[in-house]
1. Test of understanding: among GLY266, GLY356, GLY303, GLY347, which residue is in contact with a helix residue (DSSP H, G or I) (Cβ under 8 Å, 6 or more places away or on another chain) and away from the ligand (no atom under 16 Å from the Cβ)?
2. Give PRO98, PRO173, PRO90 a once-over and let me know the one that is over 27 Å from LEU189 (Cβ atoms), touching a Ser or Thr at 6+ places or on another chain (Cβ under 9 Å) and modelled with pLDDT under 95.
3. Looking for whichever is out of contact with any Gly (no Cβ under 8 Å at 6 or more places or on another chain) and crowded, with 16+ Cβ neighbours inside 10 Å here; the options are PHE135, PHE162, PHE144. Which one fits?
4. For GLN198, only one of the following conditions fails: (1) surrounded by fewer than 22 Cβ atoms within 10 Å (Cβ to Cβ); (2) not assigned by TED's automatic domain parsing to the domain that holds LEU122. What is its number?
5. Find the helices (runs of 4 or more DSSP H) located wholly in segment 304-383 whose residues include 2 or more that are touching a His at 6+ places or on another chain (Cβ under 6 Å), and list them.
6. Which condition number in (1) within 22 Å of ILE345 (Cα to Cα); (2) within 8 Å of the ligand (Cβ to nearest atom); (3) free of Cβ contacts under 8 Å to residues at least 40 places away in the same chain is the one that ASP286 fails?
7. Please indicate, with yes or no, whether at least one residue in segment 163-178 is without any contact (Cβ under 8 Å) to a residue 12 or more places away in the chain and not in a strand (DSSP E or B).
8. Among the residues of segment 91-149, what is the count of those that are part of a strand (DSSP E or B) and hydrophobic (A, V, I, L, M, F, W, C)?
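The values are calculated or read from the model by the stated rules, or taken from the named source; none is laboratory data. Fair warning: this is a prediction, and the values are worked out from it, not measured in the lab. Backbone-built Cβ (ideal geometry, glycine too); neighbour counts: all protein chains shown.
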Amino acid sequence: MMKAIPSMSTGVRQSYSRKPNLIHVRAAGHDMLRLVNRRILLSIISDRQPISRADIAKISGLNKATVSTITSEMLKDRCIIEDGLGRTTPIGGKPPTPLRLNALRFGLFGVDIRAEETILALSDFNNRLIARLSFETANDARTFLSKIGKEITKLRAKHNDFIEFAGIGVSLPGLVDSHRGEFLISVVLPWRDVPVVQLLEKATRLPVVIDNSARCAALAEIWHSKAQYANVRNLLYVGVSTGLACGVVIDGGLYRGGNNTAGQFGHIPIDLDGPECRCGQRGCWDLYASDKATLARYHKLRGASGKRKTTMRKLMELVDSGDPAATEAVRETARYLGIGITGLINGLDPEVVVIGGEITKAWGLIEPIIIEETKRSLLDPRAYGVAIRRSAFEVRPSLKGALTLIQKDLLSVPHVG
Ligand SMILES: [Zn+2]
């Protein structure tokens with residue numbers, strides 16, 4: 001079983017929304033009401049810092065005395081700090097002392113495991129990246145996770161100015177049962193039935209939360225782009241990397257499905273006579289629109305001279321320099337992305353589709369092709385208005401999501417009832 005995030009958790013299932021449900025809050029007990037108010041204030045400070053107590057009261061709708069009591073508590077346990085002490089106002093009155101999060105209150109670890117490369121990152125409570133290490137992902141899961149555990153222990157010792165380490169968020173490329181804390185299976189990584197949470201918690205003695213990489217990325221999009229997506233309730237994230245995976249936000253929350261493994265749209269066949277996929281089917285969307293497909297297409301276009309294998313990173317540099325084979329390979333992938341995304345828009349009716357991955361570096365090239373494909377086949381003309389955007393995070397949205405798995409438990413308003 002997963003442990004709760006320390007210090008600020010109640011063990012209550014939390015929604016991703018930062019908005020309180022006031023009806024539920026009224027029905028909650030005193031302790032829960034206190035926690036909800038505290039999270040509302042923390043969330044406001046996190047979004048708008050530095051901010052005065054008077055402004056917090058205005059935005060939260062709580063009275064000044066309540067704000068003053070809660071902020072005093074939060075100052076005492078060092079979650080927040082006073083900013084800009086010593087300033088005076090022109091009329092000589094008592095200056096408002098703005099508040100901000102105490103960046104050193106919590107250190108957060110994020111581990112983004114991909115087929116080839118794993119990134120381990122440490123961020124502070126204010127989302128600032130403190131350390132970033134890269135490792136070649138190994139086929140032996142247990143040995144590899146033990147190594148990651150040791151690296152986390154080293155980072156904790158090195159950055160001992162943090163008051164507390166809140167936990168470790170892990171993003172994994174395949175089927176993940178986040179409730180049981182297990183990585184089940186993947187077509188890009190030969191790991192099977194790995195109790196990731198149990199292994200990492202044992203190695204580090206920190207709480208561990210895991211999820212699938214596309215769901216992590218979708219979570220990062222809705223959490224960190226809240227100003228842009230303030231009115232968005234339904235979002236589809238399409239992660240393009242070695243494989244193809246999707247994260248779906250429905251009615252404001254991540255959709256997980258009955259077995260907690262939803263989002264594997266990459267393995268919907270789009271050509272029954274197509275090549276065999278590692279999942280056992282033929283002609284999966286993944287085989288036409290993943291980075292692996294793009295690279296294979298490029299090497300084929302290059303013929304004999306393209307035998308030396310390249311990486312997606314290098315391919316995008318070639319596109320940037322106007323290389324015809326690289327450009328054509330990416331154009332073709334964009335068409336297949338458009339075909340698959342159109343089917344998903346028809347099925348899910350999202351307000352926004354976000355695409356992430358190395359290929360989005362050529363956004364100017366792929367965006368019009370994807371939009372053209374969707375307009376060709378959308379069933380509902382009103383869906384022409386769906387916004388198709390690239391991820392807000394140029395580098396590794398899933399890493400940002402892994403860190404967000406921990407951050408959301410520190411800042412989100414508990415869902416009561
Ligand atoms: Zn497949």
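1. Details: GLY266 fails: away from the ligand (no atom under 16 Å from the Cβ); GLY303 fails: in contact with a helix residue (DSSP H, G or I) (Cβ under 8 Å, 6 or more places away or on another chain); GLY347 fails: in contact with a helix residue (DSSP H, G or I) (Cβ under 8 Å, 6 or more places away or on another chain).
Residue meeting the stated conditions: GLY356.
2. Within the list PRO98, PRO173, PRO90, the selection yields PRO98.
3. On the way: PHE135 fails: crowded, with 16+ Cβ neighbours inside 10 Å; PHE162 fails: out of contact with any Gly (no Cβ under 8 Å at 6 or more places or on another chain).
That would be PHE144, the only listed residue that is out of contact with any Gly (no Cβ under 8 Å at 6 or more places or on another chain) and crowded, with 16+ Cβ neighbours inside 10 Å.
4. GLN198 satisfies every listed condition except (2).
5. Working: elements: 312-320, 324-348, 363-377.
Output list is empty.
6. The number of the failed condition is (3).
7. We begin by selecting, within segment 163-178, every residue without any contact (Cβ under 8 Å) to a residue 12 or more places away in the chain; these are none.
Within segment 163-178, none of the residues are without any contact (Cβ under 8 Å) to a residue 12 or more places away in the chain and not in a strand (DSSP E or B).
8. Matching residues across segment 91-149 total 16.
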